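Since the structure comes first, as structure tokens, the remarks are kept for the end.
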Amino acid sequence: MLLITCPHCGTRDQSEFTYGGEAHISRPANSETMTDAQWAEFVFMRNNPKGVWAERWMHASGCRKWFNAVRDTSTDRFLAVYKIGEPRPNVTAAGLATPSGEPVIGSGNDAAKVMR
Amino acid sequence: MPTYSFLSLLREGFTGHKGWTPAWRFPDPKPAYDAVIIGGGGHGLATAYYLAKLHGMRNIAVIEKGWIGGGNAGRNTTIIRSNYLEDASAAIYEHALKLWEGLGRELNYNIMMSHRGVMNLAHDEGEARVLKRRTEANRLNGIDTEWLDAKQVKEFCPPINISAGSRFPVLGATLQRRGGVNRHDAVVWGYARAADVMGVDIIQNCEVTGIKVEAGVVTGISTSRGDIRTPKVASVAAGHTSIIANMVGVRLPIQSHPLQAWVSEPVKPLIPCVVMSNAVHAYVSQSDKGELVMGAGIDPHNSYTQRGGLDTIEHSLAALIELFPMFSRLRLLRQWGGIVDTCPDASPIITKTKVKGFYINAGWGTGGWKATPGSGHAFADLVARDEPNAIAAPFSVERFSSGALVAEHGAAAVAH
Ligand SMILES: Cc1cc2nc3c(=O)[nH]c(=O)nc-3n(C[C@H](O)[C@H](O)[C@H](O)COP(=O)(O)OP(=O)(O)OC[C@H]3O[C@@H](n4cnc5c(N)ncnc54)[C@H](O)[C@@H]3O)c2cc1C
Ligand SMILES: [Zn+2]
């Protein structure tokens, strides 16, 4: 289970939180002139990186506030948490040697690790 | 290729099992192929097999970054059924189920296919209504789903607790008798062996690191073992699909999540069928070894780490112990996770893309194992002819713009 640091309450078990998916997606201002493809991009299309990404969490069993986090999805390591409305902090992680490779920590795929 | 049979087993038994040969080759990549398949899971190998067998494309390769079947193919709980709600889903999953029925014989490989029946439980009136509706929709599509009341559920699966005072009362269940389970590794190895014999190169420990495109047309791939020229690249990379699609700038609605499963210590035959419950996020079947094979819904967060949280397992186990009180005395042996490629409408994407010669088969999420032969069959057709057939057409990525979604959350959420 992840340990998540709520920027308002502190560090708690993941079971106290609800997940909100990718962060920083804002509703387009010109919705009345958008094409179907543009709508699909806003409603359905998402980044899905193996590495650093910004996501939303809600502290459901605590303060019930939404906040954002930057996490490395290849290791599950949290790199930053910040309040709604604040800009995404400029944090980086070591990154993987190859686009779909496996990091040393956090994966069961030994074959791909050995390869590296 | 030597045929596997009772006689060959007997012969080898008498000669110390020294005559068996490897079931497939370990070739080095050639400089060029007519098509390259990325991903040596069940779907990728099935695609290669049908490309070679039905479309005569034999100068092709399957490129796998680890070992074949080391991804979700080797991590799933192998529940097979075709009782989905929508016509498009019924068509592809039923196509697969029909192929499963003859696959062991076709591949000359014992895939341990067991049509022991799959039950989906209803614990409240609303769920019972939805499941009954699905039963009728299935029957209109010629799929063998039945509705059982609580007493019939108990007859079909005696250990289940149907007492009215139960935390999760059982009001009834759907039953698909042709549904069941099989042996995941055997399916992978059987497809690999049969494809290899037809000339398909299965290249393991080789990671695809880039895709070359010139003027909107695929010309080749880069791998950890060198560059390969090819006019067709077919991505069947399950949880890693977004990374492959990103190499050519194709946008997808897929999100990758951990999905966990676990097994108990082995016990005598206990559960005669597969039992699943959407409402309590749990399911169980029993392997031939005697282990109870159990699973849950996805862990909520995006991740590629092939592991999840204990709270997800606890949640499902608490419900399973209510449904099967005798489970409380069992010990768990092991637990693992795979990375599943979930789609917003819980249906797969089988599609051409804006890049000519680049095809995607993905988005099977938590429930693609059951589709393996049907998915490979339909995808091979698309890759060979550059046009989707009637089964693949509804699953084009265009549906997210047109709005013609194939909404299967009711049939697919936890019920893999
Ligand atoms: C715990 C669990 C339980 C499940 N239970 C069921 C069930 O009961 N019933 C059911 O129908 N479905 C189930 N599923 C879903 C099912 O396993 C998947 O939908 C299906 O196996 C996916 O297709 P695949 O076999 O081709 O995937 P995989 O076996 O994951 O194949 C993809 C392959 O692509 C390779 N790859 C990725 N990137 C690259 C690259 N850059 N270069 C080369 N190779 C690459 C990977 O290493 C991998 O081997 C379950 C999944 C999990 C994780
Ligand atoms: Zn809080």
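The numbers here are math on the coordinates, done by the rules we state, and not lab data. Predicted model only: the values in this text are computed from it and were never measured. As a convention, Cβ positions derive from the backbone with ideal geometry for all residues, glycine included, and neighbour counts pool all protein chains shown.
Projecting the Cα atoms of A:Leu79, A:Met34, B:Ala91 onto the charge dipole of the protein assembly as shown (Cβ charges, centred on the Cα centre) puts A:Leu79 farthest toward the positive pole.
Computed over the protein assembly as shown, the Cα gyration tensor eigenvalues convert (square root of 5λ each) into semi-axes of 33, 32, 23 Å, ordered from largest to smallest. The magnitude of the dipole of chain B, with charges of +1 and -1 set on the Cβ of Lys/Arg and Asp/Glu and taken from the Cα centre, is near 680 debye. In terms of its C-alpha gyration tensor, region A:1-106 comes out oblate, because a/c is 1.5 or above while a/b does not outweigh b/c. Averaged over the residues of A:47-53, the number of partner chain Cβ atoms lying within 10 Å of the residue Cβ comes to 6.
Checking the a/c ratio against 1.5 first, then a/b against b/c, what shape does the Cα gyration tensor give for region B:17-104?
The shape class here is prolate.
Rounded to the nearest 20, the Cβ-based charge dipole of region B:77-148 about its Cα centre (Lys and Arg +1, Asp and Glu -1) stands at 140 debye. Pairs of C-alpha atoms in region B:340-416 farther apart than 19 Å represent 33 percent of all such pairs. Over all orientations, region B:298-377 has a Cα convex hull whose mean projected area works out to 7.9 square nanometres. Legend note: in chain A, cysteines whose Cβ sits 4.7 Å or more from every other cysteine Cβ are A:Cys63. Fraction of C-alpha pairs exceeding 42 angstrom in chain B: 13 percent, rounded to a whole number.
Pairs of alpha carbons in region B:195-326 separated by more than 26 Å make up 48% of all such pairs.
For region B:52-101, the square roots a ≥ b ≥ c of the C-alpha gyration tensor eigenvalues yield an a/c of 1.5 or more together with a/b not exceeding b/c, which makes the shape oblate. With semi-axes defined as the square roots of five times the eigenvalues of the C-alpha gyration tensor, the equivalent ellipsoid of region B:59-210 measures 37, 17, 15 Å, largest first.
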